[in-house]
């Protein structure tokens, strides 16, 4: 299982020490939550505040919680993201968003909130590289974990039966006491459990040890 480190809980106190901690964390990806204040109430800090992440030797996993997907895909290309993920909720043209991300040379992810029916994304599963299942409502960092293991199992079954290639990612409230529930996911996003500790690396290694 891959670990994507989210800095959302420390976004307003980023400094060189925090960035160094992220760099040395042994996480597999840096998870970048981008919010526009419209799709979700919260808004991401100005992009200039994130420039320090540009040259970090971590692959970037960008999670767009925005209405204007095309604008933010273009804006965040400077980070050379491996994945860019957008939400199904409220999306008027899913195929256009998939094409926009694909044409940017990033891999395509589609996300859904914990209480969004999986049926809403099924038509698009052949065309995406990642499915992000939220285990908290989007934009609500630090909230309690919602059990979405049934969605993981269904997505895994669909992938196997149809020979699809997407990976399954889970984001929200993940820590050492519940990560074992997500053993069938390919990647998990972890924020405050890591960033609230003195050593990010120790926390990442603790999680990886639990899931093998």
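Of the residues making up region 1-49, those that are farther than 19 Å from residue 139 by Cα and touching a helix residue (DSSP H, G or I) at 6+ places or on another chain (Cβ under 7 Å) number 10. Every condition in (1) in a loop (DSSP other than H, G, I, E, B); (2) at pLDDT 95 or above is met by residue 141 except one, and the failing one is (2).
No other residue among 75, 92, 56 is more than 30 Å from residue 202 (Cβ to Cβ) and assigned to a loop (DSSP other than H, G, I, E, B) apart from 92. Per the conditions (1) touching a helix residue (DSSP H, G or I) at 6+ places or on another chain (Cβ under 9 Å); (2) assigned to a loop (DSSP other than H, G, I, E, B); (3) at negative phi; (4) modelled with pLDDT of 95 or more, the sole criterion not satisfied by residue 62 is (2).
Has region 124-136 got any residue that is surrounded by 17 or more Cβ atoms within 10 Å (Cβ to Cβ) and assigned to a helix (DSSP H, G or I)? So far as region 124-136 goes, yes, one or more of its residues are surrounded by 17 or more Cβ atoms within 10 Å (Cβ to Cβ) and assigned to a helix (DSSP H, G or I). Once region 1-38 is narrowed to residues that are assigned to a loop (DSSP other than H, G, I, E, B) and within 16 Å of the chain's Cα centre (by Cα), the residue that is nearest to residue 61 (Cα to Cα) is 28.
The values are calculated or read from the model by the stated rules, or taken from the named source; none is laboratory data. It should be emphasised that the depicted structure is a prediction, and the values quoted were computed from it without experimental measurement. Note that each Cβ is placed from the backbone with ideal geometry, even for glycine, and that neighbours are counted across all protein chains shown.
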